[in-house]
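Right, one structure below, let's go through it.
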Amino acid sequence: MLRIAVPNKGALAEPASAMLQEAGYRQRKDRRELVLMDSDNQVEFFFLRPRDIAVYVGSGKLDIGITGRDLLLDSGSEAEEIMQLGFGASTLRYATRPDGVRDVSGFSGLTVATSFAGVVGKHLADHGVNASVVSLDGAVETAIQLGVAEVIADVVETGTTLRQAGLEIIGEPILRSEAVVIRRHDAPGDDPKVRQFLRRMQGVLVARRYVMMDYDIRAEAVERAVALTPGLESPTVSPLHDRGWVAVRSMVPTEDAQRIMDDLYDLGARAILTTTIHACRI
Ligand SMILES: Nc1ncnc2c1ncn2[C@@H]1O[C@H](COP(=O)(O)OP(=O)(O)OP(=O)(O)O)[C@@H](O)[C@H]1O
Ligand SMILES: O=P(O)(O)OC[C@H]1O[C@H](OP(=O)(O)OP(=O)(O)O)[C@H](O)[C@@H]1O
Ligand SMILES: [Mg+2]
């Protein structure tokens, strides 16, 4: 039985559950369910606060977990990142009032409010800055208005929350985060249950990022055509009844698909089709 920690709320909860569902796992129907057994797949899911997940996995109580890289680093736990999941992208950034300090080097003697005291404390120390850190649970933007801090360090995705609070970003990102799969750093790397789980998640990522493309092309142009659609390994080229033509099938990045179809058409390809990939193992 593989024991997996999944965020129960916050920005990562819904996309994490959606991805697990696409990978063929059972997911909870009721947000209040805290533990869910998926016996067909020999997996047990524990729905936990995203911030606590690295603690459970780092202590070895759960085999793997899905959480944010920022929360993993902030926890200082014994867990490590083993796969990036391509959602929950954000940056951790300093911000202050428009007339405030402009650079980390000017933070000495100031107070920085954040929910990421571990990461921020280390970042300030690495920059040789002697600033105080006030640890808050959330909504840290308000700390400046209320005079608790001169600077905040918070998660920024679109920047809307900062703008609405009348704050401006200062300096370079402290870190770039996204949802990741974590496990204890000394867990055996060849656990077949973990490998199967990662293959399934990888399958979802590939199915989301690629489409299957089919087209017919004159035999003499096939080399130029497959150069446009090299696929992951090698495209399938099949004979057609009309010997002057072949059929080609290949995986293509979804974001490039329309441009590639235009280029194939210009090369003389016809009956160019793309289809969604529902699931795969690469
Ligand atoms: N707007 C956002 N876009 C993308 N990722 C985000 C966003 N806000 C938070 N995150 C990420 O989600 C993870 C958990 O943060 P989140 O704020 O969702 O949890 P929380 O604060 O514990 O929950 P809640 O906000 O519901 O109290 C972190 O890894 C963070 O980087
Ligand atoms: O750059 P944006 O797109 O505006 O997103 C960033 C905001 O989203 C998160 O807040 P959340 O809603 O989780 O509230 P919290 O601060 O209470 O966690 C985060 O803490 C920021 O405040
Ligand atoms: Mg939050």
Original post:
Only one of 68, 171 is within 30 Å of residue 197 (Cβ to Cβ) and either in contact (Cβ under 8 Å) with a residue 12 or more places away in the chain or within 15 Å of ligand 3 (Cβ to nearest atom) (or both); which?
Top reply: 68
**OP:** Filter the stretch 132-161 for residues that are charged (D, E, K, R) and either surrounded by 17 or more Cβ atoms within 10 Å (Cβ to Cβ) or more than 14 Å from ligand 3 (Cβ to nearest atom) (or both) and give the result.
**Re:** 141, 150, 154
Subject >> Only listed residue being outside the structural domain of residue 12 (by TED's automatic domain parsing), part of a strand (DSSP E or B) and crowded, with 16+ Cβ neighbours inside 10 Å, chosen from 112, 119 >> reply: 112
Original post:
Which pairs have Cβ atoms under 8 Å, sit 6 or more apart or on different chains, and link a residue in the stretch 154-166 that is among the β-branched types (Val, Ile, Thr) to one that is part of a helix (DSSP H, G or I) and more than 6 Å from ligand 2 (Cβ to nearest atom)?
Top reply: 155/70; 156/162
**OP:** Out of the residues in the stretch 162-211 that are outside any strand (DSSP E or B) and within 16 Å of ligand 1 (Cβ to nearest atom), state the one that is surrounded by the fewest Cβ atoms within 10 Å (Cβ to Cβ).
**Re:** 164
Original post:
Before we move on, is residue 129 free of Cβ contacts under 8 Å to residues at least 40 places away in the same chain, surrounded by 15 or more Cβ atoms within 10 Å (Cβ to Cβ), more than 22 Å from residue 158 (Cβ to Cβ) and hydrophobic (A, V, I, L, M, F, W, C)?
Top reply: yes
Original post:
Out of all the residues in the stretch 174-189, which are touching a residue at least 12 places away in the same chain (Cβ under 8 Å) and not small (Gly, Ala, Ser)?
Top reply: 174, 175, 176, 178, 180, 181, 182, 183, 184, 185, 186
**OP:** Collect the residues in the stretch 212-233 that are exposed (fewer than 15 other Cβ atoms within 10 Å of the Cβ) and in a helix (DSSP H, G or I), keeping them in residue-number order.
**Re:** 219, 220, 223, 224, 227
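The values are calculated or read from the model by the stated rules, or taken from the named source; none is laboratory data. Bear in mind that the values here come from a model prediction, so they are computed numbers and not experimental data. Glycine also receives a Cβ, built like all others from the backbone with ideal geometry; neighbour counts cover every protein chain displayed.
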